[in-house]
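Have a look at the structure below before the remarks.
The values are calculated or read from the model by the stated rules, or taken from the named source; none is laboratory data. Just so it is clear, the model here is predicted, and its values are computed rather than measured. Reconstructed Cβ throughout: ideal geometry from the backbone, glycine too, with neighbour counts over all protein chains shown. What goes into the accessible areas is simple: the full protein's heavy atoms, side chains included, and nothing from ligands, DNA or RNA. Shrake-Rupley method; radii C 1.70, N 1.55, O 1.52, S 1.80 Å.
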Amino acid sequence: MARKRRKKRDSENTRTALRWGVAISCIALGLILALGTFGLAGYAGDAVFAFTFGEVGVAAFLVPILLIGAGLGLALQESFVSPVTVAGLTLIVASTLTFLGIVSAVLGGAAGVFIASVATSYFGLWGTIVLLLALVCVGLIIAVDIVVLAKAISMVFSSIQRTLQKPIPL
């Protein structure tokens, strides 16, 4: 019986050590990429940032934030953003990179250029742009709680309407 408890405790300790190791690595890599953004990470940091920028274009500026956030989330065992919001934001970023891949190979990175070339080969330029705009709208709807947003907009309009209906004092 004691052997089972020790084995379970060792397994939990291994998981905890692995979680902390991955969390610290994510935070460190995020900080190196952030420093690389400003040219302050030395040759290796600059090379890592240049590679990231080449692959995902301007989204490379988001990668340090995502890595640091993921590391903190692992360390604290806390999720800062719901998975649904992440899915919506991923649609928005992927659509934006694809559009930038159409406009400029540098800004969209290899990922944006690849997705743009596949999309334009199937839908043409204007069809791809329409599709990307639709995906951004869907991403916004997924990322933002649309019911709360609709209520807030309705409250703003009703407040404006009440204000306009009040008599102006002379």
### Task
Could you pull out the residue among I24, I92 that is under 22 Å from the mean Cα position of the chain (by Cα) and more than 30 Å from I129 (Cβ to Cβ)?
I24
### Task
Could you run through segment 130-145 and say how many residues are within 16 Å of the chain's Cα centre (by Cα), touching a residue at least 12 places away in the same chain (Cβ under 8 Å) and part of a helix (DSSP H, G or I)?
8
### Task
Could you list all residues from segment 33-56 that are over 20 Å from G69 (Cβ atoms) and not aliphatic (A, V, I, L, M)?
G39, G42, Y43, D46, F51, G54
### Query
Can you tell me which residues in segment 99-125 are under 23 Å from F61 (Cβ atoms) and of a type in the set (S, T, N, Q)?
S104
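If you take the residues in segment 151-168 that are open to solvent by 100 Å² or more (accessible area, probe 1.4 Å) and among the hydrophobic types (A, V, I, L, M, F, W, C), which one is modelled with the lowest pLDDT?
Narrowing segment 151-168 to residues open to solvent by 100 Å² or more (accessible area, probe 1.4 Å): 151, 155, 157, 161-162, 164-168.
If we keep only those that are among the hydrophobic types (A, V, I, L, M, F, W, C) as well, we get 155, 157, 164, 168.
Numbers: M155: 87, F157: 84, L164: 77, I168: 69.
Taking the candidates together, the pick is I168.
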### Task
Return yes or no: is F114 among the aromatic types (F, W, Y), free of Cβ contacts under 8 Å to residues at least 40 places away in the same chain and in contact with a helix residue (DSSP H, G or I) (Cβ under 7 Å, 6 or more places away or on another chain)?
no
### Query
Quick one: what pairs do we get from segment 43-62, first residue free of Cβ contacts under 8 Å to residues at least 12 places away in the same chain, second assigned to a helix (DSSP H, G or I), C-beta under 6 Å, 6+ apart or different chains?
D46/G36
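Among the residues of segment 137-147, is there at least one that is surrounded by 11 or more Cβ atoms within 10 Å (Cβ to Cβ) and over 18 Å from T90 (Cβ atoms)?
As a first pass, look at segment 137-147 and keep what is surrounded by 11 or more Cβ atoms within 10 Å (Cβ to Cβ): 137-146.
Those left that are additionally over 18 Å from T90 (Cβ atoms): none.
There is no residue in segment 137-147 that is surrounded by 11 or more Cβ atoms within 10 Å (Cβ to Cβ) and over 18 Å from T90 (Cβ atoms).
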